[in-house]
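Novice: The structure follows.
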Amino acid sequence: MVTARRAEPRLHLRLYIAGNAPNSLLAVANAKSLCEEHFAERHVLEIVDLLEQPLRALADAIIVTPTLLKLAPLPAYRVIGNLNDRKQVLLTLSTNDE
Amino acid sequence: MKGQVLLPSVTKAPTGILGFDQISGGGIPRGCTTLVLGGPGCGKTVFALQSVVNGARNANEAGMFVAFEESSRQIIANAATFGWDLPALKRRKLFFLDAQLSPETVKAGEFDLVGMLALLEAKAVQSNAKRIVFDGIDVLLGLLDDPVAERREIYRIRDWLSRTGLTGIITQKIDGMEVGLRHTFLQFMVDCVVVLRHQVVDGSAFRNLRIKKYRGSGFAGDEFPISLTTEGLQLTNRGPAELQHKVTNERISTGLARLDKMLHGGFHRGSNVLISGAPGTAKSTLAGLFAAAACERGERTLYVSFDEGAAQIVRDLRSVAIRLDVHLKSGLLKIYSTRTRGPNIEDQFGDLRKKVLAHQPRCLVIDPLSALSTKIAHLASADSTQQFLDFLRTEGVTVLNTSLMDGLETDEATATGISTIADTWIHLSYVVQDGERNRALTIVKSRGTSHSNQVRELTLSDDGVTLTDVFVAQGKVLMGVARWEWEQEEQAVAVRAEAASDRKRLRLQLAQAEAAARLQVVKMEMEARSAEIAVLAKATGSASLLLTTDRAVLRKMRHADNEERTATRTVATRKRIGRIAEEDE
């Protein structure tokens, strides 16, 4: 398959949460474990707590928490929810333009 | 009206929505949650937005609008017709949050609104906002696909509202009459429920508003018609309970001198006149006369016509010598033609209201008001008609409505309720007689006027409009040619009667002359007789003398020798006759 492995692009994620709301806690845990399992050293996971920085929600038009943004590589994706549907999350994060 | 029962614990935030603040006794509950329910196109968003906008404009309260359904750009564009100047407000006092998820959003598990509320709270503190709208939140919460989770989020909003002290409005869609069971809990949860309803009666659409629930406050629980005007949504409720119209004794001309006379000087200024009648009975002509007369007095006049263009009206009225074109040119007169089946009646009245405020007429013609009758048939709509006429009365505008009505007894007259509002009601009808149709004018009623009870005939000609007396003969009202014939006949009868009396007079004079003549004859006869008598008396008196003289003459002639004998014989003869007479007895 991918024998001559190109340096895979780094996965850049930003997760918006709201303090220790149950869904937010779940999302953080799910995001971390997914990244560890599938993207090991090739990822950046940025976590933004809207309870601390509420106005940051405006920048990325965050409506619900938790929201996970896949910023790079393209295409950008927006995943909402506590990320319990790991299959769905993985699929989304793995979809990359060539 | 209910709604005056105010508990001190409930403070209210005026919505500035015309009529709503009255029926709710001051507006929506401050610091609480108000739920606005309604089907599509009822005006939920407008209601909510207007409340926030008015808060910003009238009470200087900043507001926030969370748009789950439409983008804020769309909302601002849609509200452009309302003249609220949203773009300016948005810069200073209104915060719009676009809360639509893009279609590419992937859902991977349950979510909540904690983050959003944190953002809103920060924004509220920043802008010192007092009111907030969650418009179409069901769109977002529907994604949860879990009634329990949905409910949890709604409770979260409510708790957040009461914690922050913001006055909140949540809009929610309903299908048909009632909310899906899934959302009924909302109504129990919130402090105030406003239901907007869009219904279709006989093909005409109506919007209604009803306050279903108001914790800690009295309210008017009726359904009130609402309309979307250029000022936004407004209730066309019955206005203030107490009527305080100014009345005057001023009379203004109907445009027809004879009719003025019948009404003792014309219509009252500021009154409401209804002219009803079958098609073609010259209702519009009377309306035209009124308008022309108003313009001639120099009064601004508005002529509202349904389904008939201005040019047509001017032309038609010109055929009966009513000139409106000059007044149109001078700007005194405005003709506004619209379609019957246009926007719904509330909007139509909203439009008219605007036209009235723009032109500031002293006299107004609506021709015909019954164009709206299919819509007016509906109670709510009759309400809005009344409301409009009420508004005109407050403005002191004299209104002349025409109404298509075949008879006075039709239901229409009562259904519209116009007949009760009308101060003066003139009915025009056709009288069919001897193969012709003539127009008859009756004053059905005229408040504050001892009007004429008589029917008059209305005639139209190139020279104008005239009212003529009608003749009542053999219990029938005579009009048109019959009246003319009757008039001719009456003249002929008079001539004949005069001739007859002339003849009689002559005859009598003759008789008198005869009698006089006879009297003369009799008199003359009498004279003759008297003369005769006199003559006779004279003759008798001289008879003896004559006798003696005669004898003497006679004796002389006989030479007087036997005169004694003759004399004796005469005596003897007489004696003999006397004896015979005695013997006979």
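The values are calculated or read from the model by the stated rules, or taken from the named source; none is laboratory data. Everything quoted here is computed from the prediction, not taken from an experiment. A quick note on method: Cβ atoms are made from the backbone with ideal geometry, for glycine too, and the neighbour counts reach across all protein chains shown. What goes into the accessible areas is simple: the full protein's heavy atoms, side chains included, and nothing from ligands, DNA or RNA. Shrake-Rupley method; radii C 1.70, N 1.55, O 1.52, S 1.80 Å.
Novice: When the chain is fully extended, how far beyond the present Cα-Cα distance does B:Q454 get from B:L536, taking 0.36 nm per residue of separation?
Specialist: Extending this stretch completely gives an extra 21.2 nm.
Novice: As an exercise, identify the GluC sites (Glu not before Pro) in the stretch A:22-92 lying in DSSP coil whose Cβ has no more than 16 other Cβ atoms within 10 Å.
Specialist: Passing both the DSSP loop test and the Cβ count: A:E41, A:E52.
Novice: Mind checking the mean number of beta-carbon atoms from other chains within 10 Å of the Cβ atoms in A:58-71?
Specialist: Mean shielding count: 5.
Novice: What ranking, highest mean first, results for peptides B:357-368, B:257-268, B:526-537 when packing means the other Cβ atoms within 10 Å averaged over each residue?
Specialist: Highest-to-lowest ranking by the protection proxy: B:357-368, B:257-268, B:526-537.
Novice: Separate question: Using the structure shown, list the pairs from B:K12/B:K90; B:K173/B:K354; B:K261/B:K329; B:K283/B:K355; B:K44/B:K355; B:K12/B:K355 with a Cα-Cα distance above 29 Å, or answer none.
Specialist: Listed pairs above 29 Å: B:K173/B:K354; B:K261/B:K329; B:K12/B:K355.
Novice: Ignore the peptide's own chain and count Cβ atoms of other chains within 10 Å of each Cβ in B:98-104; give me the average, rounded.
Specialist: Per residue, the average neighbour count from other chains is 3.
Novice: Quote the accessible area belonging to A:C35 in square angstrom, nearest 10, computed with a 1.4 Å probe and with ligands, DNA and RNA left uncounted.
Specialist: The accessible area of A:C35 comes to roughly 0 Å².
Novice: Among the lysines, which have Cα under 25 Å from the Cα of A:K32 when same-chain residues fewer than 8 positions away are ignored?
Specialist: A:K70, A:K87, B:K107
Novice: Not counting ligands, DNA or RNA, and with a 1.4 Å probe, what is A:R86's accessible surface area in Å² rounded to the nearest 10?
Specialist: Here the accessible area works out near 80 Å².
Novice: Spin-label point model (7 Å from Cα, Cβ direction): what's the B:D146 to B:D316 distance in nm?
Specialist: That separation, rounded to one decimal, is 6.8 nm.
Novice: Using only the heavy atoms of the protein chains and a 1.4 Å probe, how would B:L554, B:L369, A:L45 rank by accessible area, largest first?
Specialist: B:L554, A:L45, B:L369
Novice: Once the whole set of protein chains is in place, how much accessible area is left on B:V495, using a 1.4 Å probe, in Å² to the nearest 10?
Specialist: 90 Å²
Novice: Another question about this same structure. For B:210-221, what's the mean count of beta carbons from other chains sitting within 10 Å of each residue's beta carbon?
Specialist: For peptide B:210-221, the averaged partner shielding equals 0.
Novice: On to the next question. What do you reckon, how do A:H38, B:H427 stack up by accessible area (1.4 Å probe), largest on top?
Specialist: A:H38, B:H427
Novice: Follow-up. Could you order B:K445, B:K130, B:K504 so the one with the most accessible surface comes first? Probe is 1.4 Å.
Specialist: Descending order: B:K504, B:K130, B:K445.
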